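The values are calculated or read from the model by the stated rules, or taken from the named source; none is laboratory data. Note that this is a predicted model, so its numbers are computed, not measured. Backbone-built Cβ (ideal geometry, glycine too); neighbour counts: all protein chains shown. Accessible surface areas use protein heavy atoms only, side chains included; no ligands, DNA or RNA. Shrake-Rupley method; radii C 1.70, N 1.55, O 1.52, S 1.80 Å.
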Amino acid sequence: MKKTIVAALALVLLALPAVAQETIKLGAFFDLSGRAAFIGTPTKLVAEMVVDKINAEGGINGRKLELIIGDTEANPAKAASLAKKFIHKDKVVAIIGPTMTDTGMAVKAIANAGKTPILMTVGGDPVIMGEQFGPFDWVFKSPQRSRTAVERLLGYLRGKGLSRIALLSAADGFGKDGAGWIERLSASYDIEIVARESFGARDSDMTAQLTKVRAAAPQALVVWTIGPAGAIVAKNALQLGLALPLFQCHGLPDPKYIELAGAASEGNRMPATKLLVADQLPDADRQKPVIAEFIRLYRERGYDQQFPINTHSGYAWDAILLLANAIRQAGTEAEALRQAIENTRDYVGVSGIYNLNALDHNGLDVDSMVMVEVKNGRFVLAD
């Protein structure tokens, strides 16, 4: 009998470390293929980098994080399918991603119905807006809201005395979101939109729209899109001899933009995270040491050789660390975790200092962004 009891106790003790080491599963899906793979692929690499960092430091409350990776393929239906898999099959604690506003909207209701926190790395605001966009209780996002970027840009334009603008935007979810905020907020900054044109996100020529813009005689051109389309607009404007200051959105600050637009990028200005101009930040900036640590790890892994650091680079870092901090405080029970994320205060991240609440599931203000300009083929703080 004694031998039986001893053997049973030994089995229990052997099992205890396995229980203690049970991983915290996170679903992570990004555009690893498709038109936004240039954003999604490095975002995945950063997600893996920050998870490795957390695990190397002992994990969270003694438990390691485990990423379950998926490719949304820039396809809302694929994103929806993956979200259901993460929640119902993989039983993840939370989800990170996706990459695009359209795919984010496809999984918003799924995350809410599945009562699973999702920290999105998308640009558009509707994912964390209610009313006609549906509940967002379980949805958070780490990139600045489009509204925040618009306010940074409009404030800059007003400061430069540019009160008549032309607006070109992509006809996708991200483009419509940015254009909508510009239309809603421009009057409060004493700015008039004298021309309004749109284009397909995959269009290869915007000359027709720019010809109409020129006829309206604006003082500046504002473009709201991501990817190659922004560079095409810049090149078309240069080819037409459109002598207007050109302002891109917060989705374009990326060395790839300069590469694609070439000489047409020179002098272009846009709102951005501080990541692109880290070496120009004052030492008193609370984000500076956080950004420096991010850049060090990113370069140590050699990611910058294929994917130079851009304004998107820190989004997965911030999303996962926001989640990790909440898990440390509240554990992994769904509602407690959701509330802990929602109650995040004064978290200093790569993209800004986060202060969330029940109405604001982003938590970044206008001061989290800077205006940058392309000078001599690189990004610098705009004058």
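Looking only at the stretch 265-299, residues that are in contact (Cβ under 8 Å) with a residue 40 or more places away in the chain and outside any helix (DSSP H, G or I) come to 10 in all. Restricting attention to the stretch 55-89, the residues that are among the charged types (D, E, K, R), crowded, with 20+ Cβ neighbours inside 10 Å and assigned to a loop (DSSP other than H, G, I, E, B) add up to 1. On the given criteria, is Arg164 at pLDDT 95 or above and closer than 23 Å to Leu364 by Cα? No; evaluated as a whole, the condition is false for this residue.
Each row is one residue, and each column tells you yes or no for (1) in contact with an Asp or Glu (Cβ under 9 Å, 6 or more places away or on another chain); (2) of a type in the set (A, V, I, L, M).
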| site | (1), (2) |
| --- | --- |
| Ala217 | no, yes |
| Leu221 | no, yes |
| Ala237 | no, yes |
| Cys249 | no, no |
| Pro255 | no, no |
| Ile258 | yes, yes |
| Gln280 | no, no |
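For the stretch 129-151, does any single residue satisfy the condition of being farther than 29 Å from Ala111 by Cβ and touching a helix residue (DSSP H, G or I) at 6+ places or on another chain (Cβ under 6 Å)? There is no residue in the stretch 129-151 that is farther than 29 Å from Ala111 by Cβ and touching a helix residue (DSSP H, G or I) at 6+ places or on another chain (Cβ under 6 Å). Of all residues in the stretch 128-140, those that are closer than 21 Å to Leu364 by Cα have Cβ atoms under 7 Å from Cβ atoms of residues that are open to solvent by 80 Å² or more (accessible area, probe 1.4 Å), 6 or more apart or on another chain, in Trp138/Lys115.
Of all residues in the stretch 135-172, those satisfying the criterion of being part of a loop (DSSP other than H, G, I, E, B) and open to solvent by less than 10 Å² (accessible area, probe 1.4 Å) are Ser142, Pro143, Gln144. Restricted to the stretch 77-97, and to residues there that are touching a Pro at 6+ places or on another chain (Cβ under 9 Å) and of a type outside the set (Val, Ile, Thr), the residue that is nearest to Ala36 (Cα to Cα) is Ala79.
Residues that are out of contact with any Pro (no Cβ under 8 Å at 6 or more places or on another chain) and assigned to a helix (DSSP H, G or I) within the stretch 110-127 comprise Ile110, Ala113, Pro126, Val127, listed in sequence order.
When the stretch 194-240 is filtered for residues that are open to solvent by 60 Å² or more (accessible area, probe 1.4 Å), under 28 Å from the mean Cα position of the chain (by Cα) and among the charged types (D, E, K, R), the ones remaining, listed by number, are Arg196, Arg202, Asp203, Asp205, Lys235. Phe29 satisfies every condition listed in (1) closer than 26 Å to Gln329 by Cβ; (2) more than 17 Å from the chain's Cα centre (by Cα); (3) at pLDDT 95 or above except (2).
In the condition set (1) within 24 Å of Asn310 (Cα to Cα); (2) part of a helix (DSSP H, G or I); (3) not basic (Lys, Arg), Thr211 is compliant with all but (1). I'd like to check something: does the stretch 92-108 contain any residue that is in a loop (DSSP other than H, G, I, E, B), open to solvent by less than 10 Å² (accessible area, probe 1.4 Å) and either of a type in the set (Ser, Thr, Tyr) or touching a strand residue (DSSP E or B) at 6+ places or on another chain (Cβ under 6 Å) (or both)? Yes, there is a match, as at least one residue in the stretch 92-108 is in a loop (DSSP other than H, G, I, E, B), open to solvent by less than 10 Å² (accessible area, probe 1.4 Å) and either of a type in the set (Ser, Thr, Tyr) or touching a strand residue (DSSP E or B) at 6+ places or on another chain (Cβ under 6 Å) (or both). Within the stretch 27-54, the residues that satisfy the criterion of being surrounded by fewer than 22 Cβ atoms within 10 Å (Cβ to Cβ) and of a type in the set (Asp, Glu) are Glu48, Asp52.
Screening Tyr347, Tyr354, Tyr315, Tyr298 for residues that are over 17 Å from Gln144 (Cβ atoms), modelled with pLDDT of 95 or more and either exposed (fewer than 15 other Cβ atoms within 10 Å of the Cβ) or of a type in the set (Phe, Trp, Tyr) (or both) leaves exactly one candidate, Tyr298.
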